[in-house]
Each structure stands twice: as C-alpha cells, then as structure tokens.
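Only the coordinates and a few stated rules stand behind these numbers; no lab work does. Source: prediction; values computed, not measured. Here Cβ is always computed from backbone atoms with ideal geometry, including for glycine, and neighbour counts include all displayed protein chains.
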Amino acid sequence: MEEIYQENAKLVYRFLLKYCHDPQLAEELTQETFLRAMNSINRYDHSCKISVWLCQIAKHIYLQYLRKHGKEIPSEEIHLDEITTNSPHEEGIEEKLIRRYDLLDVLKDMQSLPEQMREVIYLRTMAELSFKEIGEILGKSENWSRVTFYRGKERLLKGRKRGEKFENEV
C-alpha cells in the first residue's frame, strides 16, 4: 500500500483540491482516501487503474464531507467540458436537468470504451491532468495520451449520434 500511496498521493490531492479549493482540507481528505482504500483494497476489482479507483473513493469522501458539514453539493461533480458543451447563457432548471442526464449518458457510454481510453478521459477531465502526466501514470507517451483522448472523445461523439456501443480495443 505504501507504493500505491507514493505513486498516487499527488494525483488524489490535486483531484480533491480542484473541488474543495482548500489545501488543508484536500490533504486531510487525501489521507482519509488512502485509509479507506487500505481497508477496502480487497474490493478493488482491477476494472480500472488504481488511480481512477482512488479518485472515485476521494470523490465519495468529499461528498460525504459536504453532507456532514451541511455544505452545498456542487450540481456538476464531474466536469467533462471537453466532451459536452456548456450553454453560454444562464441556465434554467430544465436545461440543467437535461445536461445532467446527458452527462450521465456520456458516463454510461464511457463504460463501453476500451479501458485505457476510458482512463485517459477520466484523468484528463476529472483530475485535469496534462497529457504528459497521463502518459507518465499509464506508462505511455504524452503523444499517445493526446491521441487516445482525441480518439475517445470522437468515438463518444459519433456513438452518441448513432446510439452505438463501442468495442473494447485501443
């Protein structure tokens, strides 16, 4: 678990900092993330990279923190700005709900993408990592990360237009 911590602590910290905007809180929640991960490592099923699994745990811990402290939960927990488009004007509740359902559809569609392509999209959109950082995490080049992200985004957009599912290949 020490090796997992060394390889992923900065990523999880930056992921949390992006949402809470408080370095101390992000550090505290990062520690809690690894404590929970250590206690539930037997439930890690290798369906995604460990870094993605850790960020999922971190997100749940952050949402629990917000609920516990009576703070408002952001309406957009996961930003996929490079896949979906945001309206430039003030949105009403109907538009927000439609966009929320669109986001859920995109996330469901992402589950059909090949694992590495899905991981690149998650790391780029959720953790806001650079392509170079993504390449380092996945043991690939910066260019590979960039191309994989672009191809994944294109497959999602084309698949949504046609209502297709994707083959598990990279």
Notebook entry, point to check: What FRET efficiency comes out for the pair residue 5/residue 154, r = Cβ-Cβ distance, R0 = 41 Å, nearest 0.05?
Noted result: 0.70
Margin query: Viscosity 0.890 mPa s, temperature 25 °C: give me the Stokes-Einstein translational D for the stretch 1-74 in µm²/s, with Rh taken as the Kirkwood radius over C-alpha pairs.
Written below: 197 µm²/s
Next item on the list: Work out the charge dipole of the stretch 1-74 with +1 on the Cβ of Lys and Arg and -1 on the Cβ of Asp and Glu about the Cα centre, then indicate which of 51, 4, 65 is farthest towards its positive end.
Entry: 65
